[in-house]
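To start, the structure under review is shown below, and the notes come after it.
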Amino acid sequence: MPSGTRKYLPRQRRAISLIETLAAMFVLSLAGVAILNLFATSHETRGEANIRLAATMRSEEALSRFLGASETTRADLLRDGESLPSFEADLPKGTTTTFFTQEETLALGSAQTRVRVLRIRATVADQNGFTLAALERLEPLSTGGAP
């Protein structure tokens, strides 16, 4: 073959190359969409985790305040709960903390020692009533019945 002569691919071979290129681009675009979806899901999950962490910390703080409160303050908290302070940025607006208490007797150990306790539950919920976090603590009761 002379050096100045070009060798051309037949038309059929060029068409197959174009189809292969289009198919490869399609497969790569599907992979790209899957990766973008992964990033979006990861971002959403991280946001939900931040809200749950903030709600758990808020319920822990609320339990501490409840345990250290006087009987009058405890009665107010049981009746009204707590509203979210305006500086809580990680929790949705309208988030509230409610309290629930229940006296019960527990049997502990192999000797089945009976102990009267007050079960205290702090629940942090959004404005729609969806529970974001809930924590419980047990407080021993004196024999006279007052905590």
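In nm, to one decimal, how far is the Thr113 label point from the Asn50 one, both placed 7 Å along Cα→Cβ?
4.7
I need the per residue convex hull volume for segment 11-140, using only the alpha carbons, in cubic angstrom as a whole number.
Convex hull of Cα atoms, per residue: 170 Å³.
Is there a quick way to get the dipole size of segment 11-140? I mean about its Cα centre, with the Cβ of Lys and Arg at +1 and of Asp and Glu at -1; what is the value in debye to the nearest 20?
Here the size comes out at about 720 debye.
Say the dipole of segment 38-144 comes from +1 at the beta carbon of Lys and Arg and -1 at that of Asp and Glu; which of Pro140, His43, Gly109 then lies farthest toward its positive end?
Going by the Cα projections, it comes out as Gly109.
Sorting check: for 32-42, 99-109, which peptide has the highest mean count of neighbouring beta carbons within 10 Å, and how do the rest follow?
Per-residue mean Cβ counts within 10 Å order the peptides as 99-109, 32-42.
What ranking do 63-69, 22-28 get when scored by the average of other Cβ atoms within 10 Å per residue, highest first?
63-69, 22-28
Please report the spacing between the Cα centers of segment 91-136 and segment 65-81 in Å, no decimals.
Here the answer is 14 Å between Cα centres.
Quick one: if you stick a label point 7 Å off each Cα along the C-beta vector at Asp80 and Leu135, how many nm between them?
With each label placed 7 Å out from Cα toward Cβ, I get 2.3 nm.
Every read-out reported here was derived from the displayed coordinates using simple, explicitly stated rules and does not represent laboratory data. It should be emphasised that the depicted structure is a prediction, and the values quoted were computed from it without experimental measurement. Cβ sites come from the backbone with ideal geometry, for glycine too, and all protein chains shown count toward neighbours.
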